[in-house]
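Everything below concerns the one structure shown next.
The values are calculated or read from the model by the stated rules, or taken from the named source; none is laboratory data. Please read these numbers as outputs of a predicted model, since none were measured by experiment. A quick note on method: Cβ atoms are made from the backbone with ideal geometry, for glycine too, and the neighbour counts reach across all protein chains shown.
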Amino acid sequence: MALLLAVLIWIVAVGLAYPFIVDTWPLPDTITEHARQVDAQYRLTLWVTGIIFLLAQLALGYAVFKFGRNRPGAAAHVRGNERWEILWTTAATVLFVGLTFMGYTVWAEARFTESANRAPDEDRTIVEVVGQQFVWNMRYPGADGKFGPTKIELVDDALGNPLGVDRDHPDGKDDIVVPRMAVPVNRQVELQLKSKDVLHNYFVPELRIKLDTVPGITGTLRFTPDKIGTYEIVCSELCGLGHYKMRSFLEVKTQEDYDQWLVAQAEFLEQ
Ligand SMILES: [Cu+2]
């Protein structure tokens, strides 16, 4: 009976680890160097914890097998072993704090704009991303490179001004507001994330980063895409009945295609 239970524990443990070992459900493609760092960190954590998990289950099965049989006489009272307890508590602390600090650097890189990794203003593509129930609107500053002011009384979805951009202001005249996002390849993109109503979350799985859009707060995300293609943007925060269809697309284009796209959007808006 004890052997049966031990074998069952081992089968369950290996069965749980198996899909991770053979990568049954691979992650989506990565389109930034940062995303690859996130994956490397994720894999390292998974390997370390996975090996410990398997060793622990192996030991558990062994203990069940060795000590789990009925024996005559009273059970011996065991008080534990302080030296071993100190050893594995310290080892676990060092391991988990270490992994946390390693992961923290990767995590912080995409979020803190004042870091050494921030590209100079003229080398960045800045896009304002505004979430609302249940669409995404992206604003580009236009030829002048400046976002115009927005006014709440100018917000009018039906008239094509969902963000309330002041079109009479010189900075706001050429602002481009579109439901899809395009960015040039191999250049840093800075997103300024906002919300018009409730919490939403900007998530592109291929970027391996996501951030809530919070009413009244501007969140920042930076990334440098290095693969041309079209990737899905999803809202990753349950924001209401239409949450499931709140999606858009991120198009990574060559600089040339991106410039053309921007011109085309500006012309479309002028009509
Ligand atoms: Cu949403």
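Just one of the listed residues (Arg167, Arg208) is within 21 Å of the chain's Cα centre (by Cα) and of a type in the set (Lys, Arg), namely Arg208.
Only one entry of Thr224, Thr230, Thr218 meets the criterion of being more than 25 Å from Gln37 (Cα to Cα), away from the ligand (no atom under 16 Å from the Cβ), touching a residue at least 12 places away in the same chain (Cβ under 8 Å) and under 19 Å from the mean Cα position of the chain (by Cα), and that entry is Thr218. Residues in segment 235-265 that are closer than 19 Å to Ala110 by Cβ and crowded, with 18+ Cβ neighbours inside 10 Å: 4 in all. The set of residues from segment 6-18 being loosely packed, with under 13 Cβ neighbours inside 10 Å and either outside the structural domain of Thr49 (by TED's automatic domain parsing) or over 29 Å from the mean Cα position of the chain (by Cα) (or both) comprises Leu8, Ile11, Val12. Looking at Leu211, Leu221, Leu191, just one residue is touching a Phe, Trp or Tyr at 6+ places or on another chain (Cβ under 6 Å) and surrounded by 15 or more Cβ atoms within 10 Å (Cβ to Cβ), and that residue is Leu211.
When the residues of segment 233-250 are filtered to those that are out of contact with any Ser or Thr (no Cβ under 6 Å at 6 or more places or on another chain) and assigned to a strand (DSSP E or B), the one that is farthest from the ligand (Cβ to nearest atom) is Leu250. Out of Glu206, Glu109, one residue alone is buried (at least 16 other Cβ atoms within 10 Å of the Cβ), in contact (Cβ under 8 Å) with a residue 40 or more places away in the chain and under 17 Å from Val234 (Cα atoms). It is Glu206.
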